[in-house]
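The values are calculated or read from the model by the stated rules, or taken from the named source; none is laboratory data. Bear in mind the structure is a predicted one, so any value in this text is a computation, not a measurement. Backbone-built Cβ (ideal geometry, glycine too); neighbour counts: all protein chains shown. Accessible surface areas use protein heavy atoms only, side chains included; no ligands, DNA or RNA. Shrake-Rupley method; radii C 1.70, N 1.55, O 1.52, S 1.80 Å.
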Amino acid sequence: MRLMSSVCLTTALLVPLLAHLVLGLIRECDVGQQQQSCVQLALCGQFLHYVNEAPKYWPPSVRQEALQQLCDIQQTVNGSKIYYICCDRKEILCGVTRVQLIAYGQPARAYAFPWMALLETSKTDELPCGGSLINDRHVLTAAHCVKTRKIIGVRVGVHDLSADRNCEERIHFPNDDYGSEERPETDADDGDDGGVEYASSCGPPAQRIPVETIVIHPKYSPRSKRNDLAIIRLRYPAVIGYTVIPICLPVTEQLRAFRPSDSFVTGWGLTESGKRSTVLRYAVLPAYSPPDCAMKIKELDRMIVLDEGHLCAGGINKTAHCYGDSGGPLQYVSDSTRFVLQGVVSFGVKTCGTKIAPGVFANVTHFIDWIVQEANIPT
């Protein structure tokens, strides 16, 4: 009994001591000449490879590097710790996916778009809108999604809404290299890297995180459908891994000026009519010129006048833009093979499945300065 009490006492004293030692190693990042940012460990280059392994199994050099770069420790929604390290901004991961896309309009393979988010209200099972994870604490969505609803939480790491949360077959991702410029191949079931990817949509459990604050664009106008953007700050950081990764933002001059010929819209089909798919879907939408789009939208609704804060895509068939959720992303693949957020689903003039018309999106590039400021995005 005395030995047991001694062990308990030693443990009680040792844990705070170790925590104090780790806290003592926390450093300030060099945000000047070195252009560093304090980010979740899994978002920094090679460290994503070790996200599913305990640090004791990491190579000693990797473990030592992480310890030397430690800059913050935060808690997840379930109370576990997340470690942050100083990372060169050019090494910060965003917009990467381990899954090859397939034909137009098909269900997406599991976790092909790991930045997808769903907004939750106080009503049971109501998932009115989508959004995009832009860093581990912020989700970008449409203002009309949050203006008249009480959004209490955000769900990330979701693919199949009908999947059993207690399913046993989990997706295990191969250990390929994000440092290369080539897009990862995932068609094979087994690889030399020891990883296996299952076709099943049964992956890790979704993360459900309470909302801390919501900021609506100060010039949002429901009537004119302008400035239709909002940023949700999560009470706890999302845990980054292969199923949850932020999308890139057009923060560089090159990305701001880029005009893709085709883009992807993704979602569960959460339209205003309430219809939705249980599995995440995507469609490829061609660009639609602003003058032609303005004319087409005016034919359908004379009250709407488009400006530089809008962009259009689709318009090739009756259902292309139906796959997107209100508040969800319009995205394209950059020259570096990373997905970049181009637009936020705003409205489609109620034409889903009835008329051929382009979808209208909030133009992320036009609002990028406001987004960067509100979400504290490094540039």
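Taking the listed residues 46, 74, 64, the one that is open to solvent by 40 Å² or more (accessible area, probe 1.4 Å) and under 25 Å from residue 212 (Cα atoms) is 74, with no other qualifying.
Considering only residues that are farther than 25 Å from residue 115 by Cα and not acidic (Asp, Glu), look in segment 28-43 and name the one that is surrounded by the most Cβ atoms within 10 Å (Cβ to Cβ). Top of the filtered list is 29. What do you reckon, is residue 93 surrounded by 20 or more Cβ atoms within 10 Å (Cβ to Cβ) and touching a helix residue (DSSP H, G or I) at 6+ places or on another chain (Cβ under 8 Å)? In short, yes.
Figure legend. Inter-residue proximity from segment 206-234: first residues closer than 23 Å to residue 280 by Cβ and charged (D, E, K, R), second residues in a loop (DSSP other than H, G, I, E, B) and open to solvent by less than 30 Å² (accessible area, probe 1.4 Å), beta-carbon distance below 7 Å, spacing 6+ or different chains. Indicated pairs: 228/142.
For residue 117, the requirement of being modelled with pLDDT of 95 or more and under 30 Å from residue 286 (Cα atoms) is met. Screening the candidates 211, 196, 156 for the property of being modelled with pLDDT of 90 or more and closer than 17 Å to residue 97 by Cα yields one hit, 156.
Of the residues 19, 54, only one is modelled with pLDDT of 55 or more and among the aliphatic types (A, V, I, L, M); which? The match here is 54. When you scan segment 260-288, how many residues do you find that are more than 29 Å from residue 50 (Cβ to Cβ), part of a loop (DSSP other than H, G, I, E, B) and at pLDDT below 90? Within segment 260-288, residues that are more than 29 Å from residue 50 (Cβ to Cβ), part of a loop (DSSP other than H, G, I, E, B) and at pLDDT below 90 number 12.
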